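To start, the structure itself, in structure tokens.
What follows draws every value from the coordinates through simple rules; no lab data is involved. What you see is a predicted model, and the numbers here were worked out from it, not measured in a lab. Reconstructed Cβ throughout: ideal geometry from the backbone, glycine too, with neighbour counts over all protein chains shown.
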Amino acid sequence: MSSIRRVSTGVPSLDKLIAGGIPEGFMVAAVGEPGTGKTVFSIHFANQGILEEGKVIYVTTEESRESIIRQAEMFGFDFSTAIKEGRMVIIDALMKGAEDPWSLQDLTVEALIDKIIEAKKYLGYGSARLVIDSMSAFWLDKPAMARKYSYQVKRTLYKWGFTILATSQYAITTEKGFGFGIEHVADGIIRFSRQIRNWRLERMMLVEKMRQTPHDLRVWIIDIRDKRGLALVRPAELTRGELYYGGAGDK
Ligand SMILES: Nc1ncnc2c1ncn2[C@@H]1O[C@H](COP(=O)(O)OP(=O)(O)OP(=O)(O)O)[C@@H](O)[C@H]1O
Ligand SMILES: [Mg+2]
């Protein structure tokens, strides 16, 4: 039996839930409502690639490149050096003019794929991590295209040796995806969510799907903390109306 190579997500407590990590070459979707931790998680995933001396491409559509670098810095991750050393490219689809070589002028899937391949050629040979945060930006005005676009990205980029993390946003009002479709194409789904409990915001994470993986099925309470980032805290089990404290977190 050939063993599956797995890559760490950059969140050790999550790796434990998915048999050590994401199978190399997978396209995993991180889905959820605003502010639930998708970008923070993407930053961990990207940073892990840098720590492992790999190449990283990060596409940002809702925040500027500088915003991603600053957010990473808050958790002690140094993206600036990785960029300077030619190990990371942040493709900015939002803020930059055409003079910026790593800006995306056109919010189309074709332009996205072309720019990613250009970045991969620049970074050079070898396996690489790719973050697309968010994929839903590419089908905002045409949600019916979600599945086709996701498939196009997965199929075209397959031969370039990426392990892909793509985020997808859920509408607050309906909690439905802006175009439900990436979920079927993705090899894995990590679902982020939130609730208000005792007048406090509580964030949660669930591995909804991970092909070829005996994964954990529980909802986990997550914590996003300054200087440290995202960690799993405990499973959100209800016992007589109380949260059950019994999980193994990162601490
Ligand atoms: N340094 C920090 N210390 C503590 N919490 C932080 C810090 N930085 C960010 N956060 C928390 O993370 C949240 C942002 O999470 P994130 O950007 O990952 O959400 P998202 O799921 O990507 O949302 P969206 O769909 O709007 O992009 C903030 O609202 C804040 O609560
Ligand atoms: Mg985000």
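Here are the numbers:
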read-out: Where only alpha carbons of the chain are counted, the Rg and the Dmax (Å); value: 17.5, 60
read-out: Residue exposure sequence - 206, 165 - by fewest surrounding Cβ within 10 Å; value: 206, 165
read-out: FRET efficiency estimate (nearest 0.05) - Cβ-Cβ, residue 118 to residue 80, R0 25 angstrom; value: 0.75
read-out: Electrostatic dipole magnitude of the stretch 24-205 [Cβ: Lys, Arg +1; Asp, Glu -1; Cα centre; debye, to 20]; value: 480
read-out: Gap separating the Cα centres of the stretch 106-171 and the stretch 184-228, nearest whole Å; value: 22
read-out: Within-13-Å neighbourhood charge of residue 53 [Cβ basis; K, R +1; D, E -1]; value: +1
read-out: Radius 15 Å from Cβ of residue 185, net charge of other residues (Lys, Arg +1; Asp, Glu -1); value: +3
read-out: Exposure proxy ranking, count of Cβ atoms within 10 Å, fewest first, for 226, 133; value: 226, 133
read-out: Reachable lysines, given that their alpha-carbon falls under 20 Å from the alpha-carbon of residue 115 and they are not under 8 places away in the same chain; value: 55, 84, 96, 148, 154, 159
read-out: Translational diffusion of the stretch 52-147, µm² s⁻¹ [Kirkwood Rh, Cα pairs; Stokes-Einstein; 37 °C; 0.692 mPa s]; value: 236
read-out: Residue exposure sequence - 215, 184, 44 - by fewest surrounding Cβ within 10 Å; value: 184, 215, 44
read-out: For residue 55, distant residues with modelled amide H under 5 Å away; value: 129
read-out: Cβ-placed point charges (K, R +1; D, E -1), dipole of the stretch 112-218 about Cα centre in debye, nearest 20; value: 100
read-out: Span per principal axis, largest first, for the Cα atoms of the stretch 1-120 (Å); value: 48, 33, 33
